[in-house]
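K.L.:
Supplied in structure tokens, the structure appears directly below.
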Amino acid sequence: MISIFLEKERSDMQTSELSSSDVIGLMQDVLKAASPIVEYADSLYTNSESLNISKDSAEEKLSQPFSTKGVVFRMLKSGEWREAAFGDLRDKSKILTEVKDRANFDPISDHAVQNISRGKPWKIDVEKVGKKDPRNLEPTEKLELVKRYFEVAKSQDARIINVDSNYAERREERIFVNSEGSELRALVTRVHFFLLSMAKENDRVEYDYLVNGMTGGLEILDEILDDEKAKEVSKKAIQLLGAGQVPTGTFNVVLDPQMAGTFAHESFGHGCEADQVLRGRSYLINYLNKKLGPEEFNLYDDGTMSRGYGSLVFDDEGNPPHKTMIVEKGVLCRFLNDRMSAEEMNAVPTGNARRESYKRTCYVRMTNTCVESGDYSFEELLKETGDGIYLERANSGVEDPIGGNMQLKSKRSWRIKNGELSEPFSTTVLSGKVLDFVANIRGISGQSDFQTQAGTCGKGHEDYVSVSDGGSYLASRAIIGQG
Amino acid sequence: MAQVVSSAVREEGSLQWDIYSQSATDTEVHIRENAIESIRSPIRSQGYALRVIRSKGDGEDGKPICGIGISPGNLLEDQRDVSRALAFALSASKMTSAPDYLLPSEKKSLPSVKISDPKITSDQYSSARDLAEKVVTLLDREKDIRATFCKVRLTEIKTTLENCNGLRSDKSETFAAFEAGLSPKTTLAEYWPMTLTRRIEDLDLEQNIPKWARFARDSAKAKPPKTEKRSLILPPGVLSEIAPPVVGFHASSSALKRGLSKWQNTGIKVWSDKVSISDDGLLDYGLGTSPFDDEGTAQQRTKVITRGEFSSYISNAMYASFVSSGNTGNGIKPYRSGGVLCYSRDVDLDSTNIVMEAGDSSYEEMIKGTSRGLLVEQFSWMFPDPITGTFGAEIRHAYLVENGEITDPIKGGVVNGSFFDSESGTGTERGVFNSLDLISRERGSGRGSLLPYVRFPDIRISGE
């Protein structure tokens, strides 16, 4: 048993009713009452606080859009789960009664897997607020920062008609207790900046943006944004006013590091979630230990990544996070597991069980998912491509876990002609089969190009968690359409 | 608590305030391989947001401005929690800047609307169990189909809004959600439906599960499209992903104020005279329906496009003074229509339920009259760009239409277009609501909209 639990006062994250210690006491008491009735039980408390500060041409806003706190209890019997969740923790006896009522059930269905992978109990209590805790800077100073980047981007050109400058910080406390004796608490801060410039000429409006975030404190802002980057956003928006429509069809393509990251997460990663694999809902189900792509194609999920937006202290089943190599030298070598799927696959949990909050279900989720760098330069990849399309500034992506198709959108793209970039195009969609795309990888650029980007990811159409993805420039072949 | 807030705010001078509080109860049942695998109930949550509006005189453009502070909390009954929220809101209102406006005054007669299902409010747990068992029964009938995952969720949300002008309004609303992966038992293929309604009966699972099972079977045979132009036929549910965000954005007074709306005046021709669109905040069981918007203004029906002519902006209280149509009850918090709590969000300006008038062609006639078309039943993730009006997405499930017959299933490739005319190397490309040639008599709902089937000619499809 690891024990680094700190018996210090936690006055800064008290709920309106209970301190963190009181919450742990409540969770333990309820689990103690429920545990004898079931085979396994755990409980997760989540407390999210946020601050958003934004400015555009019409409004300056200061708000706290994410604010939720509560606790969920989860109980297992013969492979079937029951859960109950509460946002109001004042009435302990009511919570006890309702949880015991739910725990006292007969499974409705027969389940092939009756149990979950069991772990050793451990304890931890950490607070990761970065070198510069966001709380130590007054909101007025953060607003000044937001205003400054607004002005820098807006003043670039008279055609910039609006700029959306947006700072966000999130402070998240999670407490996990289970019937095995684990007692875990973590307080993590995440900082995020979004800058969008809108350009208008005649009747045409185009825009470009910069967005990123990391786990940590205000020191992150220095990496995300500076004046030159803010000016570049406006310049790119102006450039798009003259962009044409991308040619359609199948092309050799080069993805920028953001697009490569979006590919790693959306197109490839979702098929590696073991719950999907076990449900027969992954296009990768028959490809374990098979070669999918070239030797230099390596892909991993890393919940321990320093300052990764999706990094964790523990997952929402109480497992420590891991760096998991999913693809090594082009070979699919393992999937991401929670406790249930690990039991079924005779594997070990990889620290990927996550809930959006106490209100939502726990699933296998990615953390920070990246394509490893190769040894090409960007220029070499363009030359090797000859004629094709270069996609940059990831806009979105969506998974097709069973079909293995892909949809990635970039805010802009360029024609590659004779190994060089020529004219720009506006929003571009990349599509095709993931396995074809992987098999056609022609090269990945070096570590100096590696970038990560922050985002949120849903399981299906809801259940959003903080994630990041990353990569370097990547060359392959895909279907291209206008976005 | 309103009295506590009122007296505290009074000490700061003449400020406006409102309190938006919500509580929710959910029951969610998960099904795998046509058997129940977990039940989550009750899921109880609650919270509130306290908002303060501080008038600040005239801004640089000579128009009155204000500062707004909004702060959420967990328990409205907890005075310490409210005091903390109030302190933040007061402080934030000193720092920020936005067009000044007045909150609605004491409750007038609010419209009567249908937004609640008694089956969800009376015994949610039993209703959810019954619904899940019905899903299992319907899935069992599809012998060659399995649910790789499936969940049903019933939600009841209670909302109370009160403000400094004596307004106090309440509502109770319900949501029923269904999402599943339906796969042929012998093939790696699926159809992945997700639907959200106000009532359990509107999920219409007796009709939909057999239809979705057929799509799942067909998905196993689906092939990518060729790169070519075809007529694009969109059912109401698919059109609801594309049209409402674009209409809502360009019809909003906030986009006009920011210089981003394509529609700089009312009375101008913007689309084909076949197109008439309303924003209907009172649509029976619409996801965007409510007796009052999130600032307390009565919701209403607003004609936005009349026979292709832009007829009215939609507005919330903040931007009402910029348009002659005034406040149309469109002050809406993000995600309000999604069956989740939205109390902590700031009020925005959005459409409620987008309703498009029916045409004179039947759906059957539309198919029969199409020589080379593509009927798209589902895109991977079709979210248009509201600012530019362009859209493009991968085809998740579609059918070719050849000489008036629905033929081969299609998956993969990309469909794209734009709602507005654009210049390209080959000349002007017409926006889809300018070029559309057929609108069906039948209409269906999806995502809080009521829309017909439409046919757009010569749409670019990227494929093999």
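The values are calculated or read from the model by the stated rules, or taken from the named source; none is laboratory data. Every value quoted in this text rests on a predicted model; they were computed, and no experiment measured them. Cβ placement follows ideal geometry from the backbone for every residue including glycine, while neighbour counts extend to all protein chains displayed. Just so you know, the surface numbers come from the protein's heavy atoms only, side chains and all, with ligands and any DNA or RNA stripped out. Shrake-Rupley method; radii C 1.70, N 1.55, O 1.52, S 1.80 Å.
K.L.:
Enumerate the strands (runs of 3 or more DSSP E) found wholly within region A:398-483, keeping only those where 1 or more residues are more than 23 Å from A:G310 (Cα to Cα) and of a type in the set (V, I, T).
P.N.:
Values: elements: A:405-417, A:420-425, A:428-433, A:451-459, A:462-471, A:474-482.
Answer list for region A:398-483: A:405-417, A:428-433, A:474-482.
K.L.:
I need a count of the residues in region B:379-418 that are among the small types (G, A, S) and assigned to a loop (DSSP other than H, G, I, E, B).
P.N.:
As a first pass, look at region B:379-418 and keep what is among the small types (G, A, S): B:380, B:389, B:392-393, B:398, B:404, B:412-413, B:417-418.
Restricting the remaining residues to those that are assigned to a loop (DSSP other than H, G, I, E, B) gives B:380, B:389, B:404, B:412-413.
Adding up the residues that qualify gives 5.
K.L.:
Going by the structure shown, is A:S179 farther than 30 Å from A:S43 by Cα and not hydrophobic (A, V, I, L, M, F, W, C)? Lay out the reasoning, then the answer.
P.N.:
Details: farther than 30 Å from A:S43 by Cα: no; not hydrophobic (A, V, I, L, M, F, W, C): yes.
Judged against the criteria, A:S179 is not a match.
K.L.:
Now for a different question. Could you check region B:218-239 and list, in sequence order, the residues that are more than 14 Å from chain A (Cβ to nearest Cβ) and either surrounded by fewer than 23 Cβ atoms within 10 Å (Cβ to Cβ) or part of a helix (DSSP H, G or I) (or both)? Break it down stepwise before answering.
P.N.:
Applying the first criterion (more than 14 Å from chain A (Cβ to nearest Cβ)) to region B:218-239 yields B:231, B:233-236, B:238-239.
B:S231, B:P235, B:P236, B:V238, B:L239, listed by residue number.
K.L.:
Hey, another quick one. Kindly indicate the residue of region A:172-207 that is open to solvent by 20 Å² or more (accessible area, probe 1.4 Å) and among the polar types (S, T, N, Q) and also farthest from A:S54 (Cα to Cα) among those meeting that condition.
P.N.:
Among residues in region A:172-207 that are open to solvent by 20 Å² or more (accessible area, probe 1.4 Å) and among the polar types (S, T, N, Q), the one farthest from A:S54 (Cα to Cα) is A:S179.
K.L.:
Given the structure, is B:L76 outside any strand (DSSP E or B), crowded, with 18+ Cβ neighbours inside 10 Å and more than 8 Å from chain A (Cβ to nearest Cβ)?
P.N.:
Working: outside any strand (DSSP E or B): yes; crowded, with 18+ Cβ neighbours inside 10 Å: yes; more than 8 Å from chain A (Cβ to nearest Cβ): yes.
Against the criterion (outside any strand (DSSP E or B), crowded, with 18+ Cβ neighbours inside 10 Å and more than 8 Å from chain A (Cβ to nearest Cβ)), B:L76 qualifies.
K.L.:
Going through A:T367, A:T304, A:T350, A:T324 one at a time, which residue ends up being within 22 Å of A:T189 (Cβ to Cβ), open to solvent by less than 10 Å² (accessible area, probe 1.4 Å) and not small (G, A, S)? Reasoning before the result, please.
P.N.:
On the way: A:T304 fails: open to solvent by less than 10 Å² (accessible area, probe 1.4 Å); A:T350 fails: within 22 Å of A:T189 (Cβ to Cβ); A:T324 fails: within 22 Å of A:T189 (Cβ to Cβ).
Step by step, each of A:T367, A:T304, A:T350, A:T324 is checked, and only A:T367 is within 22 Å of A:T189 (Cβ to Cβ), open to solvent by less than 10 Å² (accessible area, probe 1.4 Å) and not small (G, A, S).
K.L.:
Kindly provide the set of residues from region A:391-445 that are aliphatic (A, V, I, L, M) and free of Cβ contacts under 8 Å to residues at least 40 places away in the same chain, ordered by number. Before you say what the answer is, go through the steps one by one.
P.N.:
From region A:391-445, those aliphatic (A, V, I, L, M) are A:391, A:394, A:398, A:402, A:406, A:408, A:416, A:421, A:429-430, A:434-435, A:438-439, A:441, A:444; that's our starting set.
Once the filter is applied, which keeps residues that are aliphatic (A, V, I, L, M) and free of Cβ contacts under 8 Å to residues at least 40 places away in the same chain, region A:391-445 yields only A:L421.
K.L.:
Would you mind stating whether B:T160 is modelled with pLDDT of 95 or more, open to solvent by less than 60 Å² (accessible area, probe 1.4 Å), more than 21 Å from A:E462 (Cα to Cα) and part of a strand (DSSP E or B)?
P.N.:
Numbers: modelled with pLDDT of 95 or more: yes; open to solvent by less than 60 Å² (accessible area, probe 1.4 Å): yes; more than 21 Å from A:E462 (Cα to Cα): yes; part of a strand (DSSP E or B): yes.
Against the criterion (modelled with pLDDT of 95 or more, open to solvent by less than 60 Å² (accessible area, probe 1.4 Å), more than 21 Å from A:E462 (Cα to Cα) and part of a strand (DSSP E or B)), B:T160 qualifies.
K.L.:
If you go through region A:460-478 one residue at a time, how many are open to solvent by 20 Å² or more (accessible area, probe 1.4 Å), within 14 Å of chain B (Cβ to nearest Cβ) and in contact (Cβ under 8 Å) with a residue 40 or more places away in the chain?
P.N.:
3
K.L.:
Take the residues of region B:183-208 that are β-branched (V, I, T) and more than 14 Å from chain A (Cβ to nearest Cβ): which is nearest to B:E33 (Cα to Cα)? So that I can check it myself, show each step before the final result.
P.N.:
From region B:183-208, those β-branched (V, I, T) are B:186-187, B:195, B:197, B:200; that's our starting set.
Right, trim to more than 14 Å from chain A (Cβ to nearest Cβ) and you get B:197, B:200.
On the way: B:T197: 24, B:I200: 22 Å.
The residue in question is B:I200.
K.L.:
Right, next: Quick one: in region B:46-73, of everything that is among the charged types (D, E, K, R) and open to solvent by 50 Å² or more (accessible area, probe 1.4 Å), which residue is nearest to the chain's Cα centre (by Cα)?
P.N.:
First, the residues of region B:46-73 that are among the charged types (D, E, K, R): B:51, B:54, B:56, B:58, B:60-61, B:63.
Adding the requirement that they be open to solvent by 50 Å² or more (accessible area, probe 1.4 Å) leaves B:56, B:58, B:60-61, B:63.
Numbers: B:K56: 34, B:D58: 35, B:E60: 35, B:D61: 34, B:K63: 32 Å.
Here the answer is B:K63.
K.L.:
Name every residue in region B:320-350 that is in contact with a Pro (Cβ under 6 Å, 6 or more places away or on another chain) and either of a type in the set (S, T, N, Q) or farther than 27 Å from B:Q299 by Cβ (or both), in order of residue number.
P.N.:
Of everything in region B:320-350, just one residue is in contact with a Pro (Cβ under 6 Å, 6 or more places away or on another chain) and either of a type in the set (S, T, N, Q) or farther than 27 Å from B:Q299 by Cβ (or both), namely B:S344.
K.L.:
Follow-up question, since we're still on this one. Check A:E169, A:E183 and return the single one that is modelled with pLDDT of 95 or more, more than 22 Å from the chain's Cα centre (by Cα) and more than 12 Å from chain B (Cβ to nearest Cβ).
P.N.:
Testing whether each residue is modelled with pLDDT of 95 or more, more than 22 Å from the chain's Cα centre (by Cα) and more than 12 Å from chain B (Cβ to nearest Cβ) leaves just A:E183.
K.L.:
Read through the list (1) within 15 Å of the chain's Cα centre (by Cα); (2) assigned to a helix (DSSP H, G or I); (3) modelled with pLDDT under 95, then give the number of the only condition that A:E223 fails.
P.N.:
(1)
K.L.:
Which residue is farthest from the other protein chains (Cβ to nearest Cβ), if the candidates are limited to region B:362-384 and must be at pLDDT below 95 and touching a Ser or Thr at 6+ places or on another chain (Cβ under 8 Å)?
P.N.:
B:P384
K.L.:
Evaluate region B:261-284: report whether one residue or more is within 13 Å of another protein chain (Cβ to nearest Cβ), in contact with a Pro (Cβ under 7 Å, 6 or more places away or on another chain) and at pLDDT 95 or above.
P.N.:
The first filter runs over region B:261-284 and keeps only residues within 13 Å of another protein chain (Cβ to nearest Cβ), leaving B:261-264, B:268, B:270.
Going one step further and asking which of them are in contact with a Pro (Cβ under 7 Å, 6 or more places away or on another chain), we end up with none.
Checking region B:261-284: not a single residue is within 13 Å of another protein chain (Cβ to nearest Cβ), in contact with a Pro (Cβ under 7 Å, 6 or more places away or on another chain) and at pLDDT 95 or above.
K.L.:
May I pose another question? Could you pull out the residue among A:G244, A:G261, A:G217 that is modelled with pLDDT of 95 or more and either more than 28 Å from A:G374 (Cβ to Cβ) or open to solvent by 20 Å² or more (accessible area, probe 1.4 Å) (or both)? Explain how you work it out, then say what you get.
P.N.:
Working: A:G244 fails: modelled with pLDDT of 95 or more; A:G261 fails: either more than 28 Å from A:G374 (Cβ to Cβ) or open to solvent by 20 Å² or more (accessible area, probe 1.4 Å) (or both).
On inspection, the qualifying residue turns out to be A:G217.
K.L.:
Being more than 30 Å from B:A8 (Cβ to Cβ), open to solvent by 40 Å² or more (accessible area, probe 1.4 Å) and without any contact (Cβ under 8 Å) to a residue 24 or more places away in the chain narrows it down to one of B:D204, B:D170, B:D140, so name that one.
P.N.:
Details: B:D170 fails: more than 30 Å from B:A8 (Cβ to Cβ); B:D140 fails: without any contact (Cβ under 8 Å) to a residue 24 or more places away in the chain.
After ruling out the rest, the residue left standing is B:D204.
K.L.:
A follow-up question, please. I'm checking my understanding of the structure. Among residues of region A:429-442 that are open to solvent by less than 10 Å² (accessible area, probe 1.4 Å) and touching a helix residue (DSSP H, G or I) at 6+ places or on another chain (Cβ under 8 Å), which one is nearest to A:Q482 (Cα to Cα)? Let's see the steps before the verdict.
P.N.:
First pass over region A:429-442, keeping only residues open to solvent by less than 10 Å² (accessible area, probe 1.4 Å): A:429-431, A:434, A:437-438.
Narrowing further to those that are touching a helix residue (DSSP H, G or I) at 6+ places or on another chain (Cβ under 8 Å): A:430, A:434, A:437-438.
Values: A:L430: 9, A:V434: 19, A:F437: 19, A:V438: 22 Å.
Per the stated criteria, the residue is A:L430.
K.L.:
What residue, of B:S97, B:S105, B:S122, is more than 25 Å from the chain's Cα centre (by Cα), without any contact (Cβ under 8 Å) to a residue 24 or more places away in the chain and not assigned by TED's automatic domain parsing to the domain that holds B:L287?
P.N.:
Numbers: B:S97 fails: without any contact (Cβ under 8 Å) to a residue 24 or more places away in the chain; B:S105 fails: without any contact (Cβ under 8 Å) to a residue 24 or more places away in the chain.
The unique qualifying residue is B:S122.
K.L.:
Could I ask something else about it? Tell me the residue from B:S93, B:S112 that is open to solvent by less than 10 Å² (accessible area, probe 1.4 Å) and over 23 Å from B:T25 (Cα atoms), please.
P.N.:
Of B:S93, B:S112, the one residue that is open to solvent by less than 10 Å² (accessible area, probe 1.4 Å) and over 23 Å from B:T25 (Cα atoms) is B:S93.
K.L.:
Further question: Could you check, for region A:370-392, whether at least one of its residues is within 14 Å of another protein chain (Cβ to nearest Cβ) and surrounded by 22 or more Cβ atoms within 10 Å (Cβ to Cβ)? Break it down stepwise before answering.
P.N.:
Residues of region A:370-392 that are within 14 Å of another protein chain (Cβ to nearest Cβ), as a first pass: A:389, A:391.
Then keep just the ones that are surrounded by 22 or more Cβ atoms within 10 Å (Cβ to Cβ); that gives A:389, A:391.
Yes.
K.L.:
Quick check on this structure: which one of B:S362, B:S321 is surrounded by fewer than 22 Cβ atoms within 10 Å (Cβ to Cβ), more than 16 Å from the chain's Cα centre (by Cα), in the same structural domain as B:G448 (by TED's automatic domain parsing) and of a type in the set (S, T, N, Q)? Working first, answer last.
P.N.:
On the way: B:S321 fails: in the same structural domain as B:G448 (by TED's automatic domain parsing).
When all the criteria are applied, what remains is B:S362.
K.L.:
Which condition number does B:T121 fail, the rest of (1) more than 10 Å from chain A (Cβ to nearest Cβ); (2) open to solvent by less than 30 Å² (accessible area, probe 1.4 Å); (3) modelled with pLDDT of 95 or more being met?
P.N.:
Tallying (1) more than 10 Å from chain A (Cβ to nearest Cβ); (2) open to solvent by less than 30 Å² (accessible area, probe 1.4 Å); (3) modelled with pLDDT of 95 or more, B:T121 fails exactly one: (2).
K.L.:
With assigned by TED's automatic domain parsing to the domain that holds A:R281, at pLDDT below 95 and either open to solvent by less than 10 Å² (accessible area, probe 1.4 Å) or in contact with a strand residue (DSSP E or B) (Cβ under 9 Å, 6 or more places away or on another chain) (or both) as the only criterion, which of A:S445, A:S426 stands out? Lay out the reasoning, then the answer.
P.N.:
Working: A:S445 fails: at pLDDT below 95.
That would be A:S426, the only listed residue that is assigned by TED's automatic domain parsing to the domain that holds A:R281, at pLDDT below 95 and either open to solvent by less than 10 Å² (accessible area, probe 1.4 Å) or in contact with a strand residue (DSSP E or B) (Cβ under 9 Å, 6 or more places away or on another chain) (or both).
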